[in-house]
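Remarks on the structure that follows.
Laboratory data are not the source of any read-out in this text; all were calculated from the coordinates shown. Being a predicted model, the structure only gives us computed values, none of them experimental. All Cβ positions, even for glycine, are placed from backbone atoms using ideal geometry, and neighbour counts span all protein chains on display.
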Amino acid sequence: MHEIGLVDDILCAINAKLKGSKNLKIKCVNILIGELEHVTPEHFEFHFRERVRGTHFESAKLNFKKVEAKFKCKSCGCEFSTKEGFSGCPDCGSRVNDIISGSGICVESVEIV
């Protein structure tokens, strides 16, 4: 049920940016979901709809874009995706890597009427 917390965090972030703006209607929220997150757009939207009833987000459309996971090998510096190195760095085989992208959920943009 961590989706509820994610939805609440996103709503708080958007509301903080819109603070002081009155009578705004949110038309669309564009959301990036990292490939490494265990969240489906359908499940996220379900919790979003529950949380926004009666608010200026109620009729907002949600658009989701998946962000591919990318890694950087700490041994040789090679950058690769999960497809290229599912079991480690494709160049040196190291399993010690940094995540460059593909984790987390964030708002890419918000369209306001």
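Considering only H47, G93, C12, the residue lying farthest towards the positive end of the dipole of region 1-107 is C12, judged by Cα position with unit charges set on Cβ.
By the Stokes-Einstein formula, at 1.567 mPa s and 4 °C, the chain with its Kirkwood radius over alpha-carbon pairs has D equal to 82 µm²/s.
Straight Cα distances below 16 angstrom link K66 to the lysines K83, with same-chain residues fewer than 8 positions distant left out.
State, as an integer percentage, the relative contact order of the chain based on alpha-carbon contacts under 8 Å between residues 6 or more apart.
Dividing the mean separation by the residue count of the chain yields 37 percent.
Other residues within the sphere of radius under 12 Å centred on the Cβ of S94, judged by their own Cβ, net out at +1 (K and R +1, D and E -1). Cβ-Cβ distance of T82 and K19, R₀ of 41 Å, FRET efficiency by 1/(1 + (r/R0)^6): the value works out to about 0.60. Between the amide H of N97 and those of K74, distances stay under 5 Å, these residues lying 5 or more places away or on another chain, with hydrogens modeled in the peptide plane. A cut-off under 14 angstrom between Cβ atoms defines the neighbours of D9, and their net charge, with Lys, Arg +1 and Asp, Glu -1, is -1.
Quick one: order C78, C12 by neighbouring beta-carbon count within 10 Å, fewest to most.
Fewest to most other Cβ atoms nearby, the residues stand as C12, C78.
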